[in-house]
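All remarks here apply to the structure that follows.
The values are calculated or read from the model by the stated rules, or taken from the named source; none is laboratory data. Here the structure is a predicted model, which is why all the values come from computation and not from measurement. Backbone-built Cβ (ideal geometry, glycine too); neighbour counts: all protein chains shown. Side chains included, ligands, DNA and RNA excluded: accessible areas come from the protein's heavy atoms. Shrake-Rupley method; radii C 1.70, N 1.55, O 1.52, S 1.80 Å.
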Amino acid sequence: MKKILGVISILLGVLCHHAVKAEELVIATSFSPETMDYISKQWEAKHPDQPIRLINRTVSSLERLLTQSNIENVDLILSSSPFLFNQLQQKHYLALLPEHLLQNLIGVPSNLKQTTTAIAFSGYGIFYNKKLLEARHLSIPTDWDSLLDSSYANGILISSPSRSGTNHIMLEMLLQQRGWKQGWDALLTLSSNLSLISSRSFNVVDKVKMGLAVAGISIDTYALNQMTNSDLGFVYFPLSIASPTFISIHRNSEHPKEAEAFIQFLLSDQGQQIVATHNFAKYPLIALNRQDSLYVEQQKLFAQPLLDYDLLLLRDSLVEKLFDVAITFRLSQLKEVWSVLYAKEKKLGKKLTALRDELTSIPISDAQAKDKQFLEQLKNDRNFALAQEKKWAEYFKGQIDKVLISLEE
């Protein structure tokens, strides 16, 4: 009898374990565990019978995970990457949201407005190391133009748009604000000052904090969490856009009602206070109190024109591939030729504008960068894309060779 009771006890324990596990709310997110920890604890304080389990991955890894046929249960997707949600939407992996959750569509791309909502937003700027700046007798960089100054040589960090959606949005922001040609002019000039291309956007902050670079472009979320360190600082780009944090319910969610309740929780007054804490470090969608230290910056971000997300998503593949071919794959060559150019300019006492133009020219026109047929073929036709990349590589190599020959002469 004792054996039978023991077996029953074990079975009940297993059943209870599975029952508890079945009530988990599973959130797939591109945010780090540290960033999400506070939100999870606040939710669980109100819903102790429904713990949160996080799946923390890069955006590309999340896309692969969430589109598998044998995917484990995922209830919610939380990320600042419109690229991730766009891919999931196109493959019909996002559930329709009830109307009461679709009241905060600031910056939500048009094709996502029935499945995705925004819960908060961020801004972009420059994260810097005060000690290193002082050691190199450099002023604090405050905008894109200051980052282009040759005095910051080998001191700036960014990540590639093909590896970081956050960085991709920052670069697209520059391209849209300055125009296609002028934007790439700035990026190719900036390459002369890069120390390396970081693999992830949050690694930029880590490396600047460690003293591996004087400054890097960053989303405020990562930077503001480091402000307890007096040797570090962050300044917003003067024209930074408000970049939303998105959330959706996966179509295969086993707890759709609970997932809806979680979104409603984040949109409530309490939830909006939570997303504004230093842990998550986002701006709430509701206006902060005028006495709040972040009120002025929140209003400035609100006042900026939104990014054209439809254009961002249309040419995402072009920007990723062109950046890697133009900069990532030839960074050492670029830094070398710019160094020689700057030395020659210093010797002559003037800018060699024609040679600078050669180094900052690109093989894609503004018209092509908005041509839907060209952009879709580049995204969907692998052979066409490879042929284009080969042509671009030859073009950039030719430009560098021409400049080096001119400098030698």
> Among the listed residues D220, D143, D185, which satisfies the condition of being over 21 Å from the mean Cα position of the chain (by Cα) and of a type in the set (D, E)?
Replying inline: D185
> Looking only at region 140-155, which residues are of a type outside the set (A, V, I, L, M, F, W, C), under 21 Å from Q226 (Cα atoms) and surrounded by fewer than 17 Cβ atoms within 10 Å (Cβ to Cβ)?
Replying inline: T142, D143
>> Among the residues of region 40-49, are any within 12 Å of T29 (Cβ to Cβ), in contact with a strand residue (DSSP E or B) (Cβ under 6 Å, 6 or more places away or on another chain) and of a type outside the set (A, V, I, L, M, F, W, C)?
In response: yes
> Looking only at region 250-278, which residues are touching a residue at least 24 places away in the same chain (Cβ under 8 Å) and not in a helix (DSSP H, G or I)?
Replying inline: H250, R251, N252, S253, E254, H255, A276, T277, H278
> Quick one: in region 337-353, which of the residues that are of a type outside the set (D, E, K, R), without any contact (Cβ under 8 Å) to a residue 12 or more places away in the chain and not in a loop (DSSP other than H, G, I, E, B) is farthest from D310 (Cα to Cα)?
Replying inline: L348
>> Could you list, ordered by first residue, the pairs with Cβ atoms under 7 Å in which the first is in region 380-408 and closer than 17 Å to E320 by Cβ and the second is open to solvent by 40 Å² or more (accessible area, probe 1.4 Å) and in a helix (DSSP H, G or I), at least 6 apart or interchain?
In response: F384/Q377; A385/K321; E389/K321
>> Quick check on my filter: what residues within region 165-215 are small (G, A, S) and more than 25 Å from D357 (Cα to Cα)?
In response: G165, S198, S199, S201, G211, A213, A215
>> When you check A354 against the structure, is it within 24 Å of I156 (Cα to Cα), out of contact with any helix residue (DSSP H, G or I) (no Cβ under 6 Å at 6 or more places or on another chain) and in the same structural domain as S317 (by the TED database), yes or no?
In response: no
> Tell me, which residue of region 192-226 that is modelled with pLDDT under 85 and not in a helix (DSSP H, G or I) is least open to solvent (accessible area, probe 1.4 Å)?
Replying inline: S198
> So, of the residues in region 295-328 that are open to solvent by less than 60 Å² (accessible area, probe 1.4 Å) and assigned to a loop (DSSP other than H, G, I, E, B), which turns out to be farthest from G179 (Cα to Cα)?
Replying inline: I327
>> From the list E99, E72, exactly one residue is more than 19 Å from the chain's Cα centre (by Cα), acidic (D, E), more than 22 Å from I274 (Cα to Cα) and modelled with pLDDT of 90 or more. Which is it?
In response: E99
>> For region 151-190, give me each residue that is over 14 Å from D308 (Cβ atoms) and among the basic types (K, R).
In response: R163, K181
